[in-house]
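First comes the structure, then the notes that go with it.
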Amino acid sequence: MTTWRRTLALILGRRPVSLQVGAVCRDPDSGRVLLITSRGTGRWVIPKGWPMEGRTLSGAAAQEAWEEAGVRGRVRQAELGRYRYDKAQDQGFAVPVDLRVFLLEVERLSDDFPEHRQRKRRWFDPEEAARMVVEPGLKQILLSLPARTADPAPASDPAGHG
């Protein structure tokens, strides 16, 4: 957006939209998803942050999953979904943010990660996770997760015995 357009948008009361990336961290065996608490309000959220120079959007989402949740795994390159939310600022106002969400299949979970003292984390079934988050767009993404990658028990054995 050019400077004069940005200035005009501010005069008219519209702020430019910013872009963030986030990761839905899923256990490939159980299908459960990992939520973390936000640092400011303690709400349940997914790891998210700003794009990073030298990384793809999905790669930046995977880096945020490590920093905020201690997760390492395989991130899918294709977007899982996107939604818009208002990000509160320290100055007392909010800015609109478009969040692009990527699916990360968890391979390892560490107890020692950059923000381990600032956040809590917990596994939820996708439906329960959708009830725990505030953002309607994130609720929809969680409720529409694709089938998990690990094969469940054979269909001929409903009790789950191999």
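The values are calculated or read from the model by the stated rules, or taken from the named source; none is laboratory data. Just so you know, these numbers come straight off a predicted model, no measurement behind them. Note that we place each Cβ from the backbone using ideal geometry, even for glycine, and neighbour counts take in every protein chain shown.
Which residue is modelled with the lowest pLDDT, if the candidates are limited to the range 139-162 and must be within 22 Å of Arg72 (Cβ to Cβ) and among the hydrophobic types (A, V, I, L, M, F, W, C)?
Residues of the range 139-162 within 22 Å of Arg72 (Cβ to Cβ): 141-142, 145-146, 148-150.
Right, trim to among the hydrophobic types (A, V, I, L, M, F, W, C) and you get 141-142, 145, 150.
Working: Ile141: 97, Leu142: 98, Leu145: 94, Ala150: 51.
Step by step, filter the range 139-162, then rank; the result is Ala150.
Name the residue, out of Val133, Val97, Val106, that is at pLDDT 95 or above, under 19 Å from Gln20 (Cα atoms) and either buried (at least 18 other Cβ atoms within 10 Å of the Cβ) or among the β-branched types (Val, Ile, Thr) (or both). First the steps, then the outcome.
Numbers: Val97 fails: at pLDDT 95 or above; Val106 fails: under 19 Å from Gln20 (Cα atoms).
Among Val133, Val97, Val106, only Val133 is at pLDDT 95 or above, under 19 Å from Gln20 (Cα atoms) and either buried (at least 18 other Cβ atoms within 10 Å of the Cβ) or among the β-branched types (Val, Ile, Thr) (or both).
Say we look at the range 1-55 and pick out the residues that are aromatic (Phe, Trp, Tyr) and either within 16 Å of Val95 (Cβ to Cβ) or modelled with pLDDT under 95 (or both); which of these is surrounded by the most Cβ atoms within 10 Å (Cβ to Cβ)? Break it down stepwise before answering.
Kept after step one, since they are aromatic (Phe, Trp, Tyr), are these residues of the range 1-55: 4, 44, 50.
Then drop every residue that is not either within 16 Å of Val95 (Cβ to Cβ) or modelled with pLDDT under 95 (or both), which leaves 4, 50.
Values: Trp4: 8, Trp50: 11.
Only one residue fits best here, namely Trp50.
Return yes or no: is Arg117 out of contact with any helix residue (DSSP H, G or I) (no Cβ under 9 Å at 6 or more places or on another chain) and at pLDDT 95 or above? Quick ask: steps written out before the conclusion?
Values: out of contact with any helix residue (DSSP H, G or I) (no Cβ under 9 Å at 6 or more places or on another chain): yes; at pLDDT 95 or above: yes.
Spelling it out, Arg117 is indeed out of contact with any helix residue (DSSP H, G or I) (no Cβ under 9 Å at 6 or more places or on another chain) and at pLDDT 95 or above.
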